[in-house]
Every structure is written in structure tokens, then in C-alpha cells.
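Student: Mind having a look at this structure? Questions to follow.
The values are calculated or read from the model by the stated rules, or taken from the named source; none is laboratory data. Fair warning: this is a prediction, and the values are worked out from it, not measured in the lab. With ideal geometry, Cβ positions are generated from the backbone for all residues, glycine too; neighbour counts draw on all protein chains shown.
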Amino acid sequence: MTDGNHENVPGRNRRRFPDISSRAYEHPADRSALVALRKLTGFDTVFKAMSGLLPERSLRLLFLSDSVRVSEAQFAHLHTMLLDACSILDLKKVPPMYVAQDPKPNAMCIGLDEPIIVVTTGLVELLDEEEMRAVVGHEVGHALSGHSVYRTILLFLTNLALKVAWIPLGNIAIMGIVTALREWFRKSELSADRAGLLVGQDLQASMRGLMKIAGGNHLHEMNVDAFLAQAEEYEAGGDLRDSVLKILNVLPRSHPFTTVRAAELKKWAESRDHQRIMDGHYPKRDQDGDTSVTDSFRESASHYADTVRTSKDPLMKLVGDIAGGAGDLGGKLRDKFTGGGSGNGTAKG
């Protein structure tokens, strides 16, 4: 497969981002976790030592023997997209990419030593060219951020937890780690969605792709504004019981809910941060070594504070009220759990 020479350039005039750091597009929570992990002394050594336990070589052989490797001779249009994405994000070494037979639309980037990108036939058949370009950019973003390492470990630990589930208390510690990794990975998906937008540079194509993943190949039956309105209703609707159910529903998932991803991506696409990147102002990789863990955590904390302050979710609004010292918290808690609240001037959440 062609390496970092990137002789193929994007089919239409798309901006390139030479030497772009993954920090440019990473979600604050994702970024702070990654910076902290990368700063830990011996972290890389520990994870490399685990490679003997992880079935990475087996996975590579499995995809090589039982999937189709993308190249100039096979799935050539995906090969061109992959080269384009690596060119735009300036990823020097093009990762191998495979198409696996699976009717369920999915894609992933895994691997400890070197990332591998895998897309399913269900996804290839579902998306048009520009929608697929955003997905390929999404996976290249995972590779550039180093997400494949942690994703591989998450897959391994999830499988391990299933194998030891029969042992009393045997999987509690493992599932604690898995739960934490899933929470990080959901945030990393938001980062990769942003990378996909930087590669495709077509917000509508990104939106269409997410809608198709949610509702299938029926775009004539769907509407972007109505789809985004679902995310608004999901966040703001119900009472505290619904907020708890939202948390329970998302815990076993590796990906955020699709409507939430669409709303988050649209918000970022309209932000000053995205515009600055498109104007050529972004952090470079040669500055990564100077990144402060404290600054990254502070930025993450600021992001969550803003989320709590602006969220319409009943639980987040209550947290904001408590943090702000709002009065009558007992009444607020009762009303939010019951969906009640009177119209006689009593404070409402």
C-alpha cells in the first residue's frame, strides 16, 4: 500500500492541514485523558508489555485472510479516500484498511503497534461517496490521536470480562476499567467525528451519514432539522428519573447516541475553534511536547462547567442550581423527580 508520499490528492479542492496536532480537533474530555496518559512515566512500556496478552497478531492475520484489503486493485474508491484523508490530516504512514463482510454498518480503528482500519460491507453499501469520506476521515482521526491502542485494550478487556463473568466477583474490577474506558471512548468518538468533518469538509454529508446510521438508507424520509430536534428533545425532556435512565442506557455503549453526535458536531462546526482551523490556525505536532496536563484538565473542567450551565437536562440543571446555591433544593429535587411543579410561584428547575 502506498505510504506517506500521498501522491493522490483530494478529488476536489479541500484544505490540507500540514503538521496538524490531534489536539486541534480532540474533544476536551478526550484530550485531557490522552495528555495525562501520554505524560505518565512508563505508560507506553506498560502497554507494550501487554501486547503479548492481546490478540493483535491474530486480528491482523484474521483480517488479512478473511477480509478484503483496500488497495488500488480492490475497493479503489476507498483506497483513494484513505490517501486523501491521510494527506489532509498529514498522517505520514497510511494505515492498512480492510472491508469485512458484515451487514451491520460499522467501522473501527484498532492495533497497538500500528493502527488498522476496518469498515463493514453494511457501511460501504449504506453511504454515498461524501458520507463515506467523512467516515474514513473519522477513522484516520482515531489513528492520528492514538485511539487505536486504547480501543484494542477496550475490546480485549470486554472479552475478558465476559470470559470470567462466571467467577463470583471475578469481573467487577475488569468491568470498572471497561466502564471508564467506554466513557473515554465515547468522548473519543466526538473527537473523531470532528476529524471526519476536517477531512470531508462537508457538514451536510457528515449529517447525512449519521442519519443513515440511525435510520438506514431512507434519506427521502428523513430531515436534518427534525433529526437534530430529537437531540434537543432527548436532552431537555422528562424529569430526573429520565436523566438516570439516560445514564444507564449509555453505560454499555461504546458510541454516543447518534442524534447527540450530530448535535455535537454541528455545534463544533459553527464554533470559532473550527473556523480557526479552517483558516490555518491550529496547534502543530512539534508543540505537543509542551502541552501541560494541568492546562488540559483545566480546559476539560471548563468544558464540563459550561455543559452543566447550558444543559437543559433535568439532572444537569439541578447540579447547576446546587452549584449556584439555589434555594429550596428539597422542593426542586421533589419536582424534578416527579415532573411536578406548581404554577403558584414556586421555583421550577
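Student: Grab the helices (runs of 4 or more DSSP H) fully contained in the range 104-166, keeping just those with 2 or more residues being at pLDDT 75 or above and of a type in the set (Gly, Ala, Ser).
Tutor: On the way: elements: 121-126, 129-145, 147-163.
Answer list for the range 104-166: 129-145.
Student: Here's something else I'd like to know. Which one is modelled with the lowest pLDDT, of the residues in the range 1-37 that are in contact with a Gly (Cβ under 8 Å, 6 or more places away or on another chain) and assigned to a helix (DSSP H, G or I)?
Tutor: Ranking the qualifying residues of the range 1-37, first place goes to LEU34.
Student: Also: Looking at (1) modelled with pLDDT of 70 or more; (2) part of a helix (DSSP H, G or I); (3) more than 20 Å from the chain's Cα centre (by Cα), can you tell me which one SER71 breaks?
Tutor: (2)
Student: In the set ASP202, ASP239, which member is at pLDDT below 60 and crowded, with 16+ Cβ neighbours inside 10 Å?
Tutor: Exactly one of ASP202, ASP239 is at pLDDT below 60 and crowded, with 16+ Cβ neighbours inside 10 Å, namely ASP239.
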